[in-house]
Structures are given as structure tokens and as C-alpha cells.
Amino acid sequence: PWAAVRELDEVPSGLFGTSWRPAAEAGRLSVVDVGQAAWFDCGTPRSYLAANLWANGGESAVGEGCDVRGEITRFVLWDGTVVRDGERLVDGIRASERITVLVR
């Protein structure tokens, strides 16, 4: 939230140490111990794709209401997206009719 961000110093710092830990210690944040579970920084299309594939056991992630008439391999389809007849999508993310990000 902006209230937390505006209090940060204008120097490189870790969000956990400067914001999340104090919020958790003050009871303003729920913390779930996931033990040794895998985690992914989803800040790039490549890492976002990797996280989704891991969560799906290596299979493509297909959102609700998708219409898949073509082929997908290692792909993420957001809710309601369409893969048309004859389309072959490999390694990427389809966010909408106009936005498809290929991961190379």
C-alpha cells in the first residue's frame, strides 16, 4: 500500500525487511510457513511461465472459459482467451486477444 511505500528511504532495500516483517510483527500481515516449498519471482515472462508450469506439474495453465481449438505447449492462457484452429503456441503467455508474449 502507498502508506507503506511512502515511508521507504530512497535507497536500495529489501521489501521484506523494511515493510513486511514489521507488518507481520505488528499483526497487520498474515504469514504462512511454506517450509521448503519452491518459490518464483514472477517479474519476467520467463519466470512467470516457469512458476505456472511448476504449479501445474509441467502442463500448460489454462484459465477459466478458454477456448482451445489449436495446440499449446508450455503455455499460460489467461481466463477467456482463445487459441484458434491451426494456431500452435509454444512457450509463452496469452493474456487477451491482442496480447501474447512468447518466451524465448
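The values are calculated or read from the model by the stated rules, or taken from the named source; none is laboratory data. None of these values were measured; they are calculated from a predicted model. Methodologically, a virtual Cβ is constructed for each residue, glycine included, from the backbone with ideal geometry; neighbour enumeration extends over all protein chains shown. Calculation scope for accessible area: heavy atoms of the full protein, side chains included, ligands and nucleic acids excluded. Shrake-Rupley method; radii C 1.70, N 1.55, O 1.52, S 1.80 Å.
Residue check, residue 17 against (1) surrounded by 10 or more Cβ atoms within 10 Å (Cβ to Cβ); (2) part of a helix (DSSP H, G or I), all met but one. Which one? Exception for residue 17: condition (1). Of the numbered criteria (1) open to solvent by less than 60 Å² (accessible area, probe 1.4 Å); (2) hydrophobic (A, V, I, L, M, F, W, C); (3) at pLDDT 95 or above, the one residue 62 fails is (1). Could you go through the range 48-57 and let me know if any residue there is open to solvent by 60 Å² or more (accessible area, probe 1.4 Å), assigned to a loop (DSSP other than H, G, I, E, B) and within 24 Å of residue 80 (Cβ to Cβ). Yes: one or more hits.
Check off (1) free of Cβ contacts under 8 Å to residues at least 12 places away in the same chain; (2) assigned to a loop (DSSP other than H, G, I, E, B); (3) not aliphatic (A, V, I, L, M) for residue 65 and give me the number that stays unchecked. Going through (1) free of Cβ contacts under 8 Å to residues at least 12 places away in the same chain; (2) assigned to a loop (DSSP other than H, G, I, E, B); (3) not aliphatic (A, V, I, L, M) one by one, residue 65 breaks only (1). Which of the residues that make up the range 68-104 are in a loop (DSSP other than H, G, I, E, B), within 26 Å of residue 39 (Cα to Cα) and either in contact (Cβ under 8 Å) with a residue 40 or more places away in the chain or basic (Lys, Arg) (or both)? Within the range 68-104, 103, 104 qualify. For the range 24-44, the condition of being in a helix (DSSP H, G or I) and open to solvent by less than 40 Å² (accessible area, probe 1.4 Å) holds for at least one residue.
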